[in-house]
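Below: one structure, written as structure tokens.
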Amino acid sequence: MPSEFEKYIQSYFGVPPETLQQIVAFFKPKILPKGAYFLKEGQYADQMGFVQSGIVREYLLDDKGREVTKWISTPGYFVVDIASFLFHQPARWNLQTLSDVELLVISKADYAKISQVVPKWPELEKFFIARCFTILEQRIVTHLSLSSEERYQLFFAHNPELFNQVPLQYLASMLGMTPETFSRIRKKHAGN
């Protein structure tokens, strides 16, 4: 029976079983305790991780020293500063665990070797990046077209468990609102 990771790779790339096994073989397990960093701002990303269990927060410090949460990664998501990983730039994002986390990790060197083993890899990689871009584009549309309350409701509908597992100021930041606005909206919906 395929693992969650294999199902994820299969659903995103639609590869045959033998190709799937070749890709999966490049990933190695890694465990990080709560509060550990998978990557810090300024470092060079030399690995990409897939969250098997636990929660990872992706955030940066803005010009005023405030933490801005980009994303909360839960099982089934990749964690990486993609610009740093692909273009060898210093990372802008901090990737910190909010719980104990189990990852499957591929090094940058092994990632570069996939195309030697899987000839269709450049095409598959392009498709994967296009899917990532589509998800990002949808997040932008949501931020531009929905009110704070609508963003809260949409996020809560899809991720209710995170409201008990993640500090609420991180969720507020990710949804593009102040903790005060988030708290007001949360109180309003607590009675519903």
Subject >> Residues located in region 169-192, provided they are surrounded by fewer than 16 Cβ atoms within 10 Å (Cβ to Cβ) and either touching a helix residue (DSSP H, G or I) at 6+ places or on another chain (Cβ under 6 Å) or in contact (Cβ under 8 Å) with a residue 60 or more places away in the chain (or both) >> reply: GLN169, PRO179, THR181
Original post:
Does region 138-145 contain at least one residue that is in contact (Cβ under 8 Å) with a residue 12 or more places away in the chain, out of contact with any strand residue (DSSP E or B) (no Cβ under 9 Å at 6 or more places or on another chain) and more than 23 Å from LYS30 (Cβ to Cβ)?
Top reply: yes
**OP:** Keeping to region 76-106, report how many residues are surrounded by fewer than 18 Cβ atoms within 10 Å (Cβ to Cβ), over 27 Å from GLN10 (Cβ atoms) and in contact with an Asp or Glu (Cβ under 9 Å, 6 or more places away or on another chain).
**Re:** 3
Original post:
Could you list, in sequence order, the residues of region 133-163 that are among the acidic types (Asp, Glu) and over 19 Å from the mean Cα position of the chain (by Cα)?
Top reply: GLU149, GLU150
**OP:** Hey, can you tell me all the residues within region 140-152 that are in a helix (DSSP H, G or I) and either surrounded by 15 or more Cβ atoms within 10 Å (Cβ to Cβ) or acidic (Asp, Glu) (or both)?
**Re:** THR142, SER148, GLU149, GLU150, ARG151, TYR152
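The rows are residues; the columns are (1) at pLDDT 95 or above; (2) over 24 Å from LEU32 (Cβ atoms); (3) out of contact with any Lys or Arg (no Cβ under 8 Å at 6 or more places or on another chain).
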site: SER84; (1), (2), (3): yes, no, no
site: HIS88; (1), (2), (3): no, no, yes
site: GLN96; (1), (2), (3): yes, no, no
site: LYS108; (1), (2), (3): yes, no, yes
site: LEU144; (1), (2), (3): no, yes, yes
Original post:
Which of the residues belonging to region 5-54 are part of a loop (DSSP other than H, G, I, E, B), under 28 Å from HIS88 (Cβ atoms) and in contact (Cβ under 8 Å) with a residue 60 or more places away in the chain?
Top reply: VAL15, PHE26, PHE27, GLY35, ALA36, ALA45, ASP46
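The values are calculated or read from the model by the stated rules, or taken from the named source; none is laboratory data. From a predicted model like this one, the values you see are computed outputs, not experimental measurements. In this analysis, Cβ positions are derived from the backbone assuming ideal geometry, glycine residues included, and neighbour counts consider all displayed protein chains.
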